[in-house]
Amino acid sequence: MKKTAILSILVFALAISTGVLGYLYSTKMVEEPKAETPQLPISAMTDKWAASAHADSSSLAFRDWDETEDKNVPPTCAKCHSSSGLKDYFGLDGTAVMAVDNPAKIGNVVDCSACHNSYVETAASVKFPSGMEAAATSDVVPCWTCHQGMQGGINGDLDKKIGSTEVDAKSENLGFVNPHYLAVGSMYLGSEANGGYQYEGKTYAGHFEHAEGVQTCTECHDPHSLHLADPGFKKCQTCHAEVTAWPDQQKIRRTKQDYDGDGDVTEPTYDEIQGLTEKLMTAIVLYSKDISKAPIGYTQNYPYWFADQNENGTQDEGEKGYKDWTPRMMRAAFNYKFVTTSAGYVHNPVYSAQLLIDSITDLSGGDSAIALEKFARP
Ligand code: HEC
Ligand code: HEC
Ligand code: HEC
Ligand code: HEC
Ligand code: HEC
Ligand SMILES: [Ca+2]
Ligand SMILES: [Ca+2]
Ligand SMILES: [Ca+2]
């Protein structure tokens with residue numbers, strides 16, 4: 001008896017609450033068109049921004065210089081790790097344009113003035129680390145400027161370091177060249193920014209031609225909260241019915257090709273790229289043992305690549321940064337980090353697949369033990 005009583009109270013309460021909610025919802029729906037009370041856009045934007053990663057002054061991205069002697073963000077880092085550095089780069093402080101001339105204060109986050117300023121209003125292009133310049137609308141100029149990485153695969157330090165070293169030879173001058181983090185602008189633009197290491201003789205996809213309403217950074221990301229722009233995942237659902245919650249974006253598939261060569265042509269594109277990523281890692285490790293004669297391992301934090309002396313895949317005490325690089329390994333390692341730190345599957349799946357497949361193929365040219373599966377290069 002007691003149980004049924006409780007149950008009926010619950011059902012009753014539920015009925016009332018859904019009724020009330022339904023009522024509120026319907027009046028809101030009815031009233032919405034004539035609601036002329038202006039929202040307070042500035043405070044709404046400020047609240048969203050304050051809860052975002054851009055405002056997180058405790059994040060390592062804004063605190064990495066805490067222990068330095070002069071307690072400053074040096075000019076080479078300030079462009080993306082502080083608003084004042086970006087404004088210096090834009091020439092808004094009276095210094096040269098396209099150059100950071102002064103160090104910035106620590107903890108100066110990505111504030112309103114990074115994106116809302118007179119340079120951004122009129123800018124029509126953005127320069128990338130490869131030296132290439134791409135036409136841009138002003139809303140994405142700040143995004144592309146900070147989310148572009150620090151190295152282009154070609155025309156960058158990578159080829160300079162390699163110089164004339166033979167592809168499978170080790171040399172003391174060689175070392176990991178880091179594309180840096182969240183280089184999503186470069187990923188999105190593909191060969192129009194030359195962000196990845198593009199192999200000679202191959203052609204590469206340009207920017208990801210997606211669909212109307214989801215082409216630009218700010219069409220998909222709310223520039224203040226950084227989350228998916230309203231109406232969130234429902235925006236994806238209009239065209240991708242499989243998206244019914246976050247992170248269902250990872251279930252989307254449109255391509256008919258088996259990028260990772262595992263015979264599965266129904267798995268999500270996320271898994272095609274993930275499959276290639278894993279195969280590239282296997283290839284790099286195999287090559288390091290067979291050709292460099294020193295096993296390598298990867299960790300998401302500095303030094304990223306380490307000498308995995310006991311070959312267990314994790315960095316143990318005493319296992320230092322990797323030193324036995326060959327040019328082939330450097331290119332592959334560069335592309336591995338570039339694709340895995342820029343959510344390649346959603347920002348440019350074709351460019352991602354091309355870079356990963358070409359990296360595995362190149363490594364196999366030096367180590368015949370690396371299996372070349374039936375990758376479908378898009
Ligand atoms: C082109 C823009 C750009 C430049 C230049 C740049 N960074 Fe970054 N950096 C970023 C972005 C974007 C992130 C995003 C980090 C994240 O994942 O939280 C980042 C992340 C980091 C992080 C945090 C990594 C983590 O695990 O959260 C460190 C540390 C860092 N950068 C150091 C540096 C240093 C040191 C320099 C200068 C030598 C530098 N960066 C120059 C854009 C840049
Ligand atoms: C990372 C870049 C970025 C940052 C940081 C940023 N904004 Fe914005 N903001 C934008 C973009 C881009 C738009 C245009 C939005 C759109 O078109 O959807 C915008 C739009 C706005 C608007 C609406 C303007 C209009 O015409 O409707 C207001 C108000 C605003 N921002 C205030 C702020 C405030 C206040 C801050 C700091 C607390 C801030 N923004 C930080 C990029 C940024
Ligand atoms: C001044 C450089 C700068 C600008 C301009 C900038 N970003 Fe960022 N962004 C960063 C840094 C640095 C981080 C990492 C922050 C952290 O770790 O707290 C980041 C983080 C992010 C994240 C990750 C959020 C998360 O929760 O992990 C997204 C998404 C993002 N930015 C999108 C954008 C978009 C879209 C724009 C343009 C409207 C933009 N950013 C403009 C530097 C910038
Ligand atoms: C089609 C919509 C779409 C577009 C266009 C888009 N993004 Fe994203 N972005 C996403 C989604 C979805 C995620 C989350 C991916 C995941 O975690 O699976 C994401 C993730 C990110 C992240 C975090 C990556 C990480 O690994 O934490 C950053 C930074 C980012 N986007 C920046 C940008 C920038 C800058 C642009 C413009 C060059 C852009 N995005 C364009 C949908 C988009
Ligand atoms: C207006 C329709 C439309 C909307 C809205 C849309 N997409 Fe797409 N999406 C497409 C089309 C069409 C393709 C195939 C594009 C191509 O390959 O040329 C695609 C492809 C993709 C792919 C790559 C799949 C593959 O196999 O190559 C991903 C990932 C993706 N969309 C994510 C998203 C996300 C995340 C959102 C929401 C933020 C979104 N889409 C919103 C139409 C849309
Ligand atoms: Ca300057
Ligand atoms: Ca597959
Ligand atoms: Ca180990």
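How many nm is it between the label spots at Leu92 and Ser118, if each spot is 7 Å from the Cα in line with the beta carbon?
Each label point lies 7 Å from its Cα, and together they span 1.1 nm.
Once you sort the root eigenvalues of the Cα gyration tensor of segment 157-366 as a ≥ b ≥ c, which label holds: rounded (a/c under 1.5), prolate (a/b larger than b/c) or oblate (the other case)?
Values: a/c = 1.93, a/b = 1.87, b/c = 1.03.
Prolate is the answer for segment 157-366, as a/c is 1.5 or above and a/b outweighs b/c.
Using a 1.4 angstrom probe, figure out how much accessible area the chain has per residue, in square angstrom, rounded to the nearest whole.
Values: 20510 Å² over 378 residues.
So the chain comes to 54 Å² accessible per residue, rounded to a whole number.
Starting from the Cα of Thr299, move 7 Å in the Cα-to-Cβ direction to define the label point; list residues of segment 322-343 whose amide nitrogen is under 11 Å from there.
322
Using θ = phi - 60° and the Karplus relation 6.51 cos²θ - 1.76 cosθ + 1.60, list the HN-Hα couplings for segment 294-299 in order, rounded to whole Hz, with x at every Gly or Pro.
Coupling constants for segment 294-299: 8, x, 10, x, 10, 10 Hz.
For a test of the definition: using alpha carbon positions, the gyration tensor, and the 1.5 limit on a/c, classify segment 48-122 as rounded, prolate or oblate.
Values: a/c = 2.93, a/b = 1.14, b/c = 2.56.
The shape class here is oblate.
For segment 166-173, just list the computed ³J(HN,Hα) in residue order, Karplus coefficients 6.51, -1.76 and 1.60, θ = phi - 60°, integers in Hz, with x standing in for Gly and Pro.
Ordered by residue, 3J(HN,Hα) equals 5, 3, 10, 9, 8, 8, 5, 6 Hz.
Could you calculate the FRET efficiency of Ala99 with Val167 from 1/(1 + (r/R0)^6), where r is the beta carbon distance between them and R0 is 35 Å, rounded to 0.05?
Values: r = 35 Å, r/R0 = 1.00.
For Ala99 and Val167, the calculated efficiency is 0.50.
At what distance in nm do the modelled label points of Lys320 and Thr216 sit from each other, each positioned 7 Å from its Cα along Cα→Cβ?
4.9 nm
Using modelled amide H (1.01 Å from N, peptide plane; none on Pro or chain starts), what sits under 5 Å from the amide H of His221, excluding residues fewer than 5 places away?
Those lying under 5 Å, H to H, from His221 are Ala229.
Cβ neighbours within 10 Å, averaged per peptide: list 183-190, 367-374, 236-243 in order, most packed at the top.
On the way: 183-190: 27.1, 367-374: 13.5, 236-243: 15.0.
Going by the mean number of other Cβ atoms within 10 Å, highest first, we get 183-190, 236-243, 367-374.
Can you tell me the dipole magnitude for segment 48-122 around its Cα centre, using point charges on the Cβ only (Lys, Arg +1; Asp, Glu -1), in Debye to the nearest 20?
Working: 6 positive and 11 negative charges, 47 e Å.
Magnitude of the dipole: close to 220 debye.
Could you order peptides 252-260, 67-75 by the average number of other Cβ atoms within 10 Å of their residues, highest first? Please report the intermediate quantities before stating the final value.
On the way: 252-260: 16.9, 67-75: 13.2.
The peptides rank, most packed first, as 252-260, 67-75.
In the structure shown, do any of Lys337/Lys374; Lys293/Lys320; Lys279/Lys323; Lys251/Lys337 have a Cα-Cα gap over 20 Å, and if so which? Write out the running numbers ahead of the final one.
Working: Lys337/Lys374 23 Å; Lys293/Lys320 16 Å; Lys279/Lys323 22 Å; Lys251/Lys337 23 Å.
The answer is Lys337/Lys374; Lys279/Lys323; Lys251/Lys337.
For segment 251-260, take each phi angle, set θ = phi - 60°, evaluate the Karplus expression 6.51 cos²θ - 1.76 cosθ + 1.60, and give the result in whole Hz per residue in order, putting x for glycine and proline.
Result, rounded to whole Hz: 9, 5, 9, 10, 5, 9, 8, 9, 3, 8.
Report the one residue of Val141, Phe334, Pro295 whose Cα lies farthest in the direction of the positive end of the charge dipole of the chain (charges on C-beta: Lys and Arg +1, Asp and Glu -1; origin at the Cα centre).
Val141
Give me the percent of the accessible area of segment 157-366 that comes from carbon and sulfur atoms, probe 1.4 Å, all protein chains in place.
Details: 5090 of 9780 Å².
For segment 157-366, the apolar C and S fraction of the accessible surface comes to 52 percent.
Give the relative contact order (percent, whole number) for the chain; include only Cα pairs under 8 Å separated by 6+ residues.
Values: 601 pairs, mean separation 52.8, N = 378.
About 14 percent, as a whole number.
Any cysteines in the chain with zero other Cys Cβ atoms under 4.7 Å from their Cβ? List them, or say none.
Cys77, Cys112, Cys115, Cys220, Cys236, Cys239
Taking a virtual spin label 7 Å from the Cα of Glu69 along the C-beta vector, which residues in segment 94-114 bring their backbone nitrogen under 19 Å of it?
Answer for this model: 102-106.
List the aspartates and glutamates whose alpha-carbon lies under 15 Å from that of Lys170, not counting same-chain residues fewer than 8 positions away?
Reachable aspartates and glutamates: Asp159, Asp290, Asp324, Asp367.
The values are calculated or read from the model by the stated rules, or taken from the named source; none is laboratory data. If you're wondering where the values come from, they're calculated on a predicted model, not measured in any experiment. Cβ: placed from backbone, ideal geometry, glycine included. Neighbour counts: every protein chain shown. To get the accessible areas, we keep the full protein, side chains included, count just its heavy atoms, and leave off ligands, DNA and RNA. Shrake-Rupley method; radii C 1.70, N 1.55, O 1.52, S 1.80 Å.
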